[in-house]
Amino acid sequence: MTSVIFSLVMFGGFDSVNASEISFTILQECGRDVECVHKQMMELSETASEDVVLFVANNLTSLWEKEQYPCHQVAHHMGMFLIGYYNGDFVTALSEVENVCGNSLYHGIMENYLPTKLLLDDITVEELDIVTPCITFDESQTSNTFRQCVHGVGHGLAVVYEFDVIEAVKRCDKFENPRARYECADGLFMQNHNQYFENTGKGAYREDDLLYPCNFVTDVKFQEACYQYQGNIILSRNNFSYSKTFKICEELPIEDSRKGCTRTVSQYMTDWYFSENFDKIVEMCNDVNTNHPNSCIESAVYSLIIYGDADPMKVLCPLFRGEQKEYCEQMNYWVINDNDLI
């Protein structure tokens, strides 16, 4: 890789062809190995121009998505690299990245911004201003980037509160916008979920309580965000039996939590087990309690479009019958027009 960068720097200027070569080289050498990617990006940042570094960051993330890598987490770390590269200037960082891998570059930028701010300003976690940064970026509070910024703040809250998520989620009430409050909580509990799967069972979970921490979150409006990620914890503790997990999801105390739990389990199974086995997706969705079969279809369609390389209209929807087939087709239209499931 060094020779590629050397030739680019030697001839000067920005050359998208050479920058693309660097992206492909990192992809071939690292795949989605976070440490390897970070090392390569750090080396690149020492020799190449800002245009090249930014191009490679965006292009490599797009390549992960096109190559069907489960790319959300590795792209999170790319966002974390970028906020460091821009010396904590989150406005510039957010403005320069592209919407790929489920908006994860935005999330990683803000996830790393909060602990960086805490350290540089030498303040307590209670003094940390979590609201102003995203409003500074978008005063209207209506854009997708604003929402993803707030979601990233939630990730950062989990980190700066050292995964005391029950206390940290209370800070999400600082946002006046109801959707922003939810996005903040969603990011926080997603980070807790990631901590469990990335770091071998760590995070705010208990071996003897499948529902912790969600059953200790007292604010009802935040329970849905918690339980939708809890679904995958329950799934892993049941040896990835979606049938057993769906039954536990159906016993959750709040309707939206039951739906969220079902969605997350369905998406996980589609991403990691059934991305090319469409009959199994249908079998899985038919196993959901009759109250929530559409929650499974929603997640499967979303996963195949956003993270896979399949057209649900051709490979999945025709396998359903009646109302389920119609709903699958509706969800396909919904997702490709950039709408969320929430």
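The values are calculated or read from the model by the stated rules, or taken from the named source; none is laboratory data. Bear in mind that the values here come from a model prediction, so they are computed numbers and not experimental data. Counting neighbours? That spans all protein chains shown, and the Cβs are built from the backbone with ideal geometry, glycine included.
Can you spot a residue in segment 87-95 that is of a type in the set (D, E, K, R) and under 18 Å from the mean Cα position of the chain (by Cα)? Give the steps one after another, and end with the answer.
We begin by selecting, within segment 87-95, every residue of a type in the set (D, E, K, R); these are 89.
Within this subset, residues satisfying the condition of being under 18 Å from the mean Cα position of the chain (by Cα) are none.
No, segment 87-95 contains no residue that is of a type in the set (D, E, K, R) and under 18 Å from the mean Cα position of the chain (by Cα).
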Scope segment 82-128; condition in contact (Cβ under 8 Å) with a residue 12 or more places away in the chain, more than 28 Å from Val52 (Cα to Cα) and not in a helix (DSSP H, G or I); matching residues
Leu128
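In this structure, is Leu94 at pLDDT 90 or above and either crowded, with 16+ Cβ neighbours inside 10 Å or among the small types (Gly, Ala, Ser) (or both)?
Details: at pLDDT 90 or above: no; either crowded, with 16+ Cβ neighbours inside 10 Å or among the small types (Gly, Ala, Ser) (or both): yes.
Criteria not met by Leu94.
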At pLDDT 90 or above, small (Gly, Ala, Ser) and over 19 Å from Gly108 (Cβ atoms) - does that describe any residue in segment 27-47?
no
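Pick out the one residue from Asn99, Asn112, Asn144 that is surrounded by 17 or more Cβ atoms within 10 Å (Cβ to Cβ) and within 15 Å of the chain's Cα centre (by Cα). Give the derivation first.
Details: Asn99 fails: surrounded by 17 or more Cβ atoms within 10 Å (Cβ to Cβ); Asn144 fails: surrounded by 17 or more Cβ atoms within 10 Å (Cβ to Cβ).
Going through Asn99, Asn112, Asn144 in turn, just one is surrounded by 17 or more Cβ atoms within 10 Å (Cβ to Cβ) and within 15 Å of the chain's Cα centre (by Cα): Asn112.
Among the listed residues Glu183, Glu98, Glu167, Glu111, identify the single one that is in contact with a helix residue (DSSP H, G or I) (Cβ under 8 Å, 6 or more places away or on another chain) and closer than 22 Å to Gly231 by Cα. Step through it out loud before you land on a result.
On the way: Glu98 fails: closer than 22 Å to Gly231 by Cα; Glu167 fails: in contact with a helix residue (DSSP H, G or I) (Cβ under 8 Å, 6 or more places away or on another chain); Glu111 fails: closer than 22 Å to Gly231 by Cα.
None of the other options fit; the residue is Glu183.
Taking Glu323 as the residue in question, decide whether it is touching a residue at least 24 places away in the same chain (Cβ under 8 Å) and acidic (Asp, Glu).
Judged against the criteria, Glu323 is not a match.
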Run Val153 past the list (1) of a type in the set (Val, Ile, Thr); (2) assigned to a helix (DSSP H, G or I); (3) at pLDDT below 95; (4) closer than 18 Å to Asn103 by Cα and report the number of the one that doesn't hold.
(3)
Going through segment 155-172 in order, the residues found to be free of Cβ contacts under 8 Å to residues at least 40 places away in the same chain and either in contact with a Lys or Arg (Cβ under 9 Å, 6 or more places away or on another chain) or among the β-branched types (Val, Ile, Thr) (or both) are Tyr161
Leading residue by the ranking (surrounded by the fewest Cβ atoms within 10 Å (Cβ to Cβ)) among those in segment 1-26 that are farther than 23 Å from Tyr86 by Cβ and at pLDDT 90 or above
Phe24
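Can you name every one of the helices (runs of 4 or more DSSP H) wholly within segment 263-342 that holds 1 or more residues which are in contact with an Asp or Glu (Cβ under 8 Å, 6 or more places away or on another chain) and of a type in the set (Gly, Ala, Ser)?
Numbers: elements: 278-286, 293-306, 312-315, 322-336.
Where helices (runs of 4 or more DSSP H) fall fully within segment 263-342 and carry at least 1 residues being in contact with an Asp or Glu (Cβ under 8 Å, 6 or more places away or on another chain) and of a type in the set (Gly, Ala, Ser), they are 293-306.
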Which numbered condition Asp279 misses (of (1) more than 23 Å from Cys184 (Cα to Cα); (2) in contact with a strand residue (DSSP E or B) (Cβ under 8 Å, 6 or more places away or on another chain))
(2)
